[in-house]
Amino acid sequence: MKIFLDTANLKSIRKFNDMGLLDGITTNPSLMFKEGGNPKDAMEEITKVIKGDVSLEVVSTEYSGMMEEGKRLRQYGDNVVVKVPMTPDGLKACKSFSSEGIPVNVTLIFSANQALLAAKAGAKYVSPFIGRLDDIGQDGMKLIHEIKDIFSNYNFGTQILVASVRHPVHVVDAAKIGADVVTLPPAVLDKMLLHPLTKIGLDNFLTDWDKLKSVNPDIKI
Ligand code: G3P
């Protein structure tokens, strides 16, 4: 399963990229707003730092505006995936971009039917928002199961990009289903790294090493 970071925060992107964990990045206008500053600078930098796919989102709601914005976004790099909303105009733009060989991520997917239509329109990625479904009392992960079942019957070539991930259990469940990608807020990836027994174990190793050194002060690894 590929791991994308769902952020426009360059410090986090660099931190996890240096660990070799990132296959790509997803952004959206809300994440850009959260970082402040000029989003152009962030987009320029992110597309340079990350070799994998970087989803940058259009803000136009009609077809021609989406096409213009998508083409401008692609100027940041060949790794830019144009992110369009799951609307009739978004699907039309998806079809046009895909026909030109420009990869598209269709976002704000909340049903299996929407995922099916986005795949038919040629999307490289569909982004079901599982946390927001959980928030309204629906089972977000059930949607990932459904999309996975449907896609496995056909050869769309569309990848399931699990979005709106809220905690590490979402990640394990998505991996068990065989989702292609999860996009994670930095806080979720931070939590995935940690286990209390790892910390306790390391503390014990270091304490014992100090004891060893206290009787053999010259030893070194
Ligand atoms: O990738 C989509 C994501 O940014 C939405 O997450 O937590 O706002 O539902 P959230």
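Of note:
- The slack between K176 and K220, meaning 0.36 nm per residue of separation minus the straight C-alpha distance, is 11.5 nm.
- Each residue of region 60-75 was assigned a 3J(HN,Hα) from its phi angle through the Karplus curve 6.51 cos²θ - 1.76 cosθ + 1.60 (θ = phi - 60°); the sequence is 5, 10, 10, 3, 5, x, 4, 5, 5, 5, x, 5, 5, 4, 5, 5 Hz, with glycine and proline shown as x.
- By accessible area with a 1.4 Å probe, ligands and nucleic acids excluded, highest first: order of L133, L108: L108, L133
- Estimated distance in nm for a label pair at I150 and H195, the labels positioned 7 Å out from Cα along Cα-to-Cβ: 3.6 nm
- Residues of the chain were split at every exposed loop site, defined as GluC sites (Glu not before Pro) in a DSSP loop with at most 16 other C-beta atoms within 10 angstrom, and the longest piece left, sites excluded, is 101-221.
- Relative contact order for region 16-67: 46 percent, from Cα pairs under 8 Å spaced at least 6 residues apart, divided by residue count.
- Vicinal HN-Hα couplings computed from phi for region 207-212 (Karplus, 6.51 cos²θ - 1.76 cosθ + 1.60; Hz; Gly/Pro x): 4, 5, 5, 4, 5, 4
- Note on D78 and D203: with the Förster distance fixed at 41 Å, the Cβ-Cβ geometry gives a FRET efficiency of about 0.35.
- Set of lysines near K71 by C-alpha distance (under 21 Å), chain-local residues within fewer than 8 positions excluded: K40, K48, K51, K83, K92, K95, K124
- Relative contact order (%) - criterion: Cα under 8 Å, at least six apart; region: the chain: 16 percent
- Once the C-beta distance of K213 and M1 is scaled by a Förster radius of 41 Å, the resulting FRET efficiency is 0.45 to the nearest 0.05.
- Model label sites at N38 and R132, defined 7 Å from Cα along the beta-carbon direction, differ in position by 3.0 nm.
- For S55, the amide hydrogen comes within under 5 Å of the amide hydrogens of I25, T26, T27, V81, counting only partners 5 or more places away or on other chains and with H modelled in the peptide plane.
- Chain lengthening between D139 and D18 when straightened (0.36 nm per residue, less Cα-Cα): 40.1 nm
- Separation of the N113 and S64 label points, Cα + 7 Å toward Cβ, nm: 3.1 nm
- 3J(HN,Hα) couplings calculated from phi for region 139-149 with the Karplus curve 6.51 cos²θ - 1.76 cosθ + 1.60 (θ = phi - 60°) are, in sequence order, 8, x, 5, 4, 5, 5, 4, 4, 5, 4, 4 Hz; Gly and Pro show x.
- Once the Cβ-Cβ distance of H167 and V49 is raised to the sixth power relative to R0 = 22 Å, the FRET efficiency obtained is 0.25.
The values are calculated or read from the model by the stated rules, or taken from the named source; none is laboratory data. Being a predicted model, the structure only gives us computed values, none of them experimental. Counting neighbours? That spans all protein chains shown, and the Cβs are built from the backbone with ideal geometry, glycine included. The protein model used for the area step is the full one, side chains on, heavy atoms only, and it has no ligands, DNA or RNA in it. Shrake-Rupley method; radii C 1.70, N 1.55, O 1.52, S 1.80 Å.
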